[in-house]
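Undergrad: My structure is below; once you've seen it, I'll send some questions.
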Amino acid sequence: MRITSHFLISPKRRQSAGGFTLIELLVSAVITAVIAGFIVAIVSNVSGFWTRTSGKLSTEAQARLVLDQLTLDLSSAVYRDDGNVWMAADVLNGGTGGATGLWQAAAANPKPVGGLSLAMNAGNWNDARFGTAGIWLRFFTTKRGGNVTADATSLSAPVAVGYQIIRRLSSPSSVGTGATKAGYLLHRAEARAATANGRPGVLESGYNITSAAYTTSVTSTNNGATTGDPRSIQVPGARTNFASVIADNVIDFGVRCYVRDPAQASGLRLVFPATNASGTASNVATARLRAQLPANTPADATNYNFVFPDVVDVMVRILTDEGARLIASYETANTPLSLPAGISAQQYWWQLATANSQVFTRRIVLNAKPL
């Protein structure tokens, strides 16, 4: 007799024995995708926050250095009632940028000349713009040296200093390598007090910051190629000399100079950039300061911009690291140009700049008294 056994298996048991169902796989995939999305979003937010924070810290550190140095120099500025120009300021707004001859024009989409780059009379510092290369500021300040007899450069004596923006190769390692990367660098040049190694200093060149020794001299002993030459106030060293760079990614530098005037509601009257003795703010690229008269000299239509200021407001606009990268990319010739509708290339340059930069200001009181 043959006995045959049959075991009945339910459909549910057959399905479980064969693995996951299609619905289970789909649910698992959706859950995995949601979790991955959350992780990507968190990582992206943390990365973006870190980039913004580090960029802000970098610009703030540079701004502090620049403003502290300007405070030290301007609060120690000196002048005498001798008719010489002891402080000068010019708007650098030409197509070649700065006054140095070192300005390297962008291959494409350069910083606008005039127009969008000129708003010196803006009521808000965030909206103020001081030309293509900002203000070229120079003056005499007190040298804090050691008065070592054997070292003429250490004398505690008035020295000339100059501040200006130059668009040039951003690091010494880039020079001569064929690299095209350039950045906006703020230079602080200083002329030595006295003769050193046969090269003249301030004592020999005089105390008129607009004289040929500080501007047009190209003699072999005063050509600006050597740090400390008087002409380095205009041309801060050769291309390979970065000793005078005080900050990078500085795309604007401006000043507003005032004298005390009780007749004004603020107690201060603007003398640069101004259009008249009443202190009306100027937005003209030819505005200039030639301070050679004491602050208490009565100002009229002929000499309002020849008065030595009592107070100076200074401003620097500094790109974040990301902003510097975006501007550098935009100024590269092979960068595809795709602009928002109704926006010109010049407008877009400033849109990038303002969205990725910070403005820093400080009011500095000048303690100079006539001798």
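The values are calculated or read from the model by the stated rules, or taken from the named source; none is laboratory data. Just so it is clear, the model here is predicted, and its values are computed rather than measured. Reconstructed Cβ throughout: ideal geometry from the backbone, glycine too, with neighbour counts over all protein chains shown.
Undergrad: With the requirement that a residue be among the hydrophobic types (A, V, I, L, M, F, W, C) and within 16 Å of F308 (Cα to Cα), what does region 269-289 give you?
TA: Answer for region 269-289, where residues must be among the hydrophobic types (A, V, I, L, M, F, W, C) and within 16 Å of F308 (Cα to Cα): L270, V271, F272, A274, A277, A287, L289.
Undergrad: Just for region 186-206: of the residues that are out of contact with any Pro (no Cβ under 8 Å at 6 or more places or on another chain) and in a loop (DSSP other than H, G, I, E, B), which one is surrounded by the fewest Cβ atoms within 10 Å (Cβ to Cβ)?
TA: G198
Undergrad: Another question, then. I'd like to know if region 276-294 contains one or more residues that are in contact with a Pro (Cβ under 6 Å, 6 or more places away or on another chain), surrounded by fewer than 24 Cβ atoms within 10 Å (Cβ to Cβ) and farther than 29 Å from Q62 by Cα.
TA: Looking for residues that are in contact with a Pro (Cβ under 6 Å, 6 or more places away or on another chain), surrounded by fewer than 24 Cβ atoms within 10 Å (Cβ to Cβ) and farther than 29 Å from Q62 by Cα, one finds at least one in region 276-294, hence yes.
Undergrad: Taking region 344-371, which residues are of a type in the set (S, T, N, Q), surrounded by fewer than 17 Cβ atoms within 10 Å (Cβ to Cβ) and closer than 23 Å to D313 by Cα?
TA: T354, T361, N367, listed by residue number.
Yes/no per residue for (1) surrounded by fewer than 24 Cβ atoms within 10 Å (Cβ to Cβ); (2) modelled with pLDDT under 85:
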| site | (1), (2) |
| --- | --- |
| N208 | yes, no |
| D229 | no, no |
| A238 | yes, yes |
| S244 | yes, no |
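Undergrad: Right, another one. If I go through region 225-282 residue by residue, how many of them are under 17 Å from the mean Cα position of the chain (by Cα), among the hydrophobic types (A, V, I, L, M, F, W, C) and farther than 22 Å from N121 by Cα?
TA: Looking only at that region, the number is 5.
Undergrad: Going by what's in this entry, would R2 be described as charged (D, E, K, R), at pLDDT below 70 and more than 30 Å from R168 (Cα to Cα)?
TA: The answer is yes for R2.
Undergrad: Which condition does A108 not pass, out of (1) in contact with an Asp or Glu (Cβ under 8 Å, 6 or more places away or on another chain); (2) at pLDDT 95 or above; (3) hydrophobic (A, V, I, L, M, F, W, C), if it passes all the others?
TA: Answer for A108: the failing condition is (2).
Undergrad: Right, something else. Please verify whether A341 is surrounded by fewer than 17 Cβ atoms within 10 Å (Cβ to Cβ) and at pLDDT below 95, treating the condition exactly as stated.
TA: yes
Undergrad: Okay, moving on. Just wondering, is there one or more residues in region 43-50 that are modelled with pLDDT under 75, more than 30 Å from F360 (Cβ to Cβ) and either assigned to a loop (DSSP other than H, G, I, E, B) or not polar (S, T, N, Q) (or both)?
TA: Within region 43-50, one or more residues are modelled with pLDDT under 75, more than 30 Å from F360 (Cβ to Cβ) and either assigned to a loop (DSSP other than H, G, I, E, B) or not polar (S, T, N, Q) (or both).
Undergrad: Check A243, A299, A277 and return the single one that is touching a residue at least 12 places away in the same chain (Cβ under 8 Å) and either among the β-branched types (V, I, T) or within 30 Å of A105 (Cβ to Cβ) (or both).
TA: Of A243, A299, A277, the one residue that is touching a residue at least 12 places away in the same chain (Cβ under 8 Å) and either among the β-branched types (V, I, T) or within 30 Å of A105 (Cβ to Cβ) (or both) is A243.
Undergrad: Can T297 be described as touching a strand residue (DSSP E or B) at 6+ places or on another chain (Cβ under 8 Å), farther than 22 Å from T361 by Cα, in a loop (DSSP other than H, G, I, E, B) and modelled with pLDDT of 90 or more?
TA: It is false that T297 is touching a strand residue (DSSP E or B) at 6+ places or on another chain (Cβ under 8 Å), farther than 22 Å from T361 by Cα, in a loop (DSSP other than H, G, I, E, B) and modelled with pLDDT of 90 or more.
Undergrad: Right, here's the next one. Give me the pairs: first residue in region 344-364 and farther than 19 Å from V66 by Cβ, second residue basic (K, R) and not in a helix (DSSP H, G or I), beta-carbon distance under 7 Å, and six or more apart or on different chains, which are they?
TA: From residues that are farther than 19 Å from V66 by Cβ, the pairs are W349/K111.
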